[in-house]
1. Residues of region 259-282 being at positive phi, outside any helix (DSSP H, G or I) and either surrounded by fewer than 24 Cβ atoms within 10 Å (Cβ to Cβ) or touching a helix residue (DSSP H, G or I) at 6+ places or on another chain (Cβ under 6 Å) (or both), which ones?
2. Being more than 13 Å from the ligand (Cβ to nearest atom), assigned to a loop (DSSP other than H, G, I, E, B) and not aliphatic (A, V, I, L, M) is the filter here, so list the residues in region 221-258 that pass it.
3. Only residues that are of a type in the set (Phe, Trp, Tyr) and more than 17 Å from the chain's Cα centre (by Cα): list them for region 287-319, please.
4. Residues in region 324-336: is at least one among the aliphatic types (A, V, I, L, M) and at positive phi?
5. Just checking, which of GLU128, GLU114 is within 23 Å of the chain's Cα centre (by Cα) and closer than 13 Å to GLY23 by Cβ?
6. I'd like the full set of residues that are under 18 Å from TRP120 (Cβ atoms) and of a type outside the set (Val, Ile, Thr), limited to region 66-109.
7. Would you pick out the residues in region 259-308 that are at pLDDT 95 or above, farther than 23 Å from LEU77 by Cα and either among the small types (Gly, Ala, Ser) or within 10 Å of the ligand (Cβ to nearest atom) (or both)?
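The values are calculated or read from the model by the stated rules, or taken from the named source; none is laboratory data. It should be emphasised that the depicted structure is a prediction, and the values quoted were computed from it without experimental measurement. All Cβ positions, even for glycine, are placed from backbone atoms using ideal geometry, and neighbour counts span all protein chains on display.
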Amino acid sequence: MMAESASMPVRATKRGDERTPLGGERDVLICGASFAGLAIARELAGSGADVLIVDRYEIGERQTSACGIPTEWLARLGLMEAERQRFDTLVLHTPHGTSRYRLPWTFSTFDYRELCQLLWRDCDATFETAKVNGRAGAADGDGRIAVDTDRGTITAPLVVDALGWRRVLASGDGYQPPDAPLSRGLEVHPHGSGEEMELWIDRRYVPAGYGWSFPAGDELRIGVGSFDPRFHVRQTTELLAEDLGQDRVRYQGNWIPHKLRRATEGGVFFAGDSAGHCLPLSAEGIRTALYFGIALGRELRAVVEGRQTRERAESKYASFNDSHEWKFRWMLRAQKLVPRVPPRILARLIKLLGNKRFVDWSFTHYLAIAPPELAGPAPASSADDQDRPDQQQDDAEDALGRERGLLQAEQA
Ligand SMILES: Cc1cc2nc3c(=O)[nH]c(=O)nc-3n(C[C@H](O)[C@H](O)[C@H](O)COP(=O)(O)OP(=O)(O)OC[C@H]3O[C@@H](n4cnc5c(N)ncnc54)[C@H](O)[C@@H]3O)c2cc1C
């Protein structure tokens with residue numbers, strides 16, 4: 001028997017009598033209260049809209065990842081209290097040697113529960129625990145969408161699916177593992193400490209993918225991610241933990257999308273993993289969930305404040321999403337290519353590419369896929385002298401435009 005059952009997270013979600021029926025109509029219904037859902041709710045704070053956010057668990061109850069993010073994202077969102085450790089170097093192990101990449105920006109690990117609570121502190125929405133089952137029929141004549149939950153049917157003209165890879169509110173497009181473009185990831189969280197953020201590109205752990213160890217204060221997050229959904233990562237996650245002399249406790253894992261999907265469908269908006277916003281190759285999906293969540297939150301805010309129609313929000317958010325498609329495509333190409341390179345050549349390449357100029361160049365472009373310039377203080381707490389959300393959006397779009405121009409120039 002695994003030791004995990006003794007250390008599974010304590011369930012804090014309301015049960016039995018506490019689960020009173022839920023229904024009625026809201027201005028905005030956000031399904032999913034993790035990174036994407038909370039980022040959207042935060043952008044709607046102070047708008048005066050009646051916003052309901054639902055999740056099957058309490059906010060921050062279920063950690064869904066190793067919780068690594070570029071530090072600047074935490075700083076810009078006022079979330080530094082949740083930071084646990086910071087790294088300026090990425091250590092890459094292969095069977096043929098170790099390389100150290102000194103990054104042009106730092107990466108942080110954070111505490112999931114605390115980060116969610118800090119995001120929630122900036123929201124003025126209502127939260128309820130409820131399991132979302134799917135849509136309850138098509139939109140009515142006024143464009144209201146009904147969502148079926150285990151506590152009743154809730155309707156709203158603006159509905160967001162931030163429920164993760166399952167994309168529960170889509171019209172059933174059959175996206176099921178292991179046939180769908182999904183990676184799988186599993187990690188253990190032993191107590192312990194470390195100084196370095198480490199990755200293993202080693203077929204002993206996974207034929208296509210990588211292993212990692214992310215220290216976070218008094219715990220380590222050790223895991224394996226496979227780009228091939230058919231490869232089971234449990235044994236090799238345990239092998240990696242064993243190789244590092246760490247306990248195999250507190251397991252958590254999930255499917256990770258590696259393909260961008262439509263941002264809107266049947267009147268519903270999608271953000272985060274439900275829209276395939278997790279980056280291929282690195283499987284980094286937190287900052288992108290926040291990034292697209294913020295962009296969507298601003299579009300919805302313009303609707304509830306009467307500055308644009310829902311249809312306009314749909315088309316703007318969809319084109320914002322689609323404008324990133326080429327970047328996701330390139331990352332996916334790299335994800336497919338890396339496992340095909342023979343290990344000895346790959347080790348040599350990793351060493352060669354570790355020179356400062358290349359690392360600065362590539363990691364600056366990588367950060368620009370979802371630049372921290374988009375993030376800012378919570379709208380409800382924005383002072384007059386701070387950047388307005390519209391200005392931040394313009395800054396981020398400028399950054400994207402510059403990035404695209406740069407790459408096109410380089411390709412030419
Ligand atoms: C092992 C592992 C490690 C990872 N490490 C990192 C990392 O270090 N850095 C990084 O950037 N990314 C990492 N990722 C990817 C990252 O976790 C996701 O991309 C990110 O969590 C997506 O955020 P989200 O808000 O879209 O969805 P999620 O975080 O998956 O949140 C979905 C929410 O919806 C709720 N929900 C789901 N279904 C229902 C339902 N039917 N009814 C009600 N509620 C429901 C869930 O409870 C959850 O709160 C990792 C992934 C895995 C699997």
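1. Selection gives GLY266, GLY267, LEU281.
2. Hits for region 221-258 are ASP228, ARG230, PHE231, HIS232, GLY245, GLN246, ASP247, ARG248.
3. TYR317, the sole residue that qualifies.
4. No: zero hits.
5. Among GLU128, GLU114, only GLU128 is within 23 Å of the chain's Cα centre (by Cα) and closer than 13 Å to GLY23 by Cβ.
6. CYS67, TRP73, LEU74, ARG76, LEU77, GLY78, LEU79, MET80, GLU81, ALA82, GLU83
7. ALA263, GLY306
So that you can scan it fast, the table gives a plain yes or no per residue for (1) free of Cβ contacts under 8 Å to residues at least 12 places away in the same chain; (2) surrounded by 15 or more Cβ atoms within 10 Å (Cβ to Cβ); (3) within 22 Å of ASP228 (Cβ to Cβ); (4) more than 26 Å from the chain's Cα centre (by Cα):
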site: PHE328; (1), (2), (3), (4): no, yes, yes, no
site: PRO339; (1), (2), (3), (4): no, yes, yes, no
site: ALA347; (1), (2), (3), (4): no, yes, yes, yes
site: LYS356; (1), (2), (3), (4): no, no, no, yes
site: PRO377; (1), (2), (3), (4): no, yes, no, no
